1. Can you report the number of residues in segment 17-53 which are free of Cβ contacts under 8 Å to residues at least 12 places away in the same chain, more than 30 Å from residue 137 (Cβ to Cβ) and surrounded by 12 or more Cβ atoms within 10 Å (Cβ to Cβ)?
2. Residues being touching a helix residue (DSSP H, G or I) at 6+ places or on another chain (Cβ under 8 Å), assigned to a loop (DSSP other than H, G, I, E, B) and open to solvent by less than 80 Å² (accessible area, probe 1.4 Å): count how many of those fall in segment 54-87.
3. Looking at the structure I just gave you, is residue 148 at pLDDT 95 or above, surrounded by 12 or more Cβ atoms within 10 Å (Cβ to Cβ) and closer than 16 Å to residue 64 by Cβ?
4. Within segment 126-141, track down each residue that is more than 24 Å from residue 41 (Cβ to Cβ), out of contact with any Gly (no Cβ under 7 Å at 6 or more places or on another chain) and either open to solvent by 70 Å² or more (accessible area, probe 1.4 Å) or among the acidic types (Asp, Glu) (or both).
5. Can you tell me how many residues in segment 88-122 are open to solvent by less than 50 Å² (accessible area, probe 1.4 Å), of a type in the set (Val, Ile, Thr) and not in a loop (DSSP other than H, G, I, E, B)?
6. Scanning for something over 15 Å from the mean Cα position of the chain (by Cα) and part of a loop (DSSP other than H, G, I, E, B), does segment 136-150 turn up at least one residue?
Amino acid sequence: MDAVATIATIAHWIPVSNQVLADAPSLEAQIDNLLRIGVFQRAENQVLNGAGGTGKIKGIIPQATAFAATADDAQDRIGEAVTALAAAGWAGQPAIIMNPTDWGNITRTRSTSEGTYLLGSPVAPAPPVLWNTPVIQSASVPAGTAIVADLSQMALLDREQVTVQASREAR
């Protein structure tokens, strides 16, 4: 199977005056940290949601095949998808990627008869695992959506680490 890898540059910027940098040198480290976090958040969003095109990443969600679950509860729908993935032979490195709000809703699910939490408790939270499959939380996944995938079939090539540069021009 032939595949094409497009190189995409993911950039982030914030405006900072020369005076601020000169007057408060300790702010430079904080700005560097904010810029790096911004790049990682943008990269995560592109890997998951990117529309593709010239110089752009085509994300996992736009390429995914929708799964028609039949269960009522979110954790059961995810269980159906995990089972379908394994039944189709894609079980090298399975993972579930979901919005933190959805994971929080699942972990706060209680039994109807006793009112006890089904997964852990506030004092001893459950590890991020459903159906023996690790759960990765990402705010870039739309709430109400879960990605169930075999991560061994994906590759993200990072040709350059994050670099922070200062410029006197706004782009």
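The values are calculated or read from the model by the stated rules, or taken from the named source; none is laboratory data. Quantities reported herein were computed from a predicted structural model and do not represent experimental measurements. No Cβ is skipped: glycine too gets one built from the backbone with ideal geometry, and neighbour counts run over all protein chains shown. Ligands, DNA and RNA are stripped out before the accessible areas are found, and what is left, the full protein with its side chains, is counted by its heavy atoms. Shrake-Rupley method; radii C 1.70, N 1.55, O 1.52, S 1.80 Å.
1. Final tally of qualifying residues: 3.
2. The number of residues fulfilling the criteria is 4.
3. The answer is yes for residue 148.
4. 127, 132
5. Of the residues in that region, 4 qualify.
6. no
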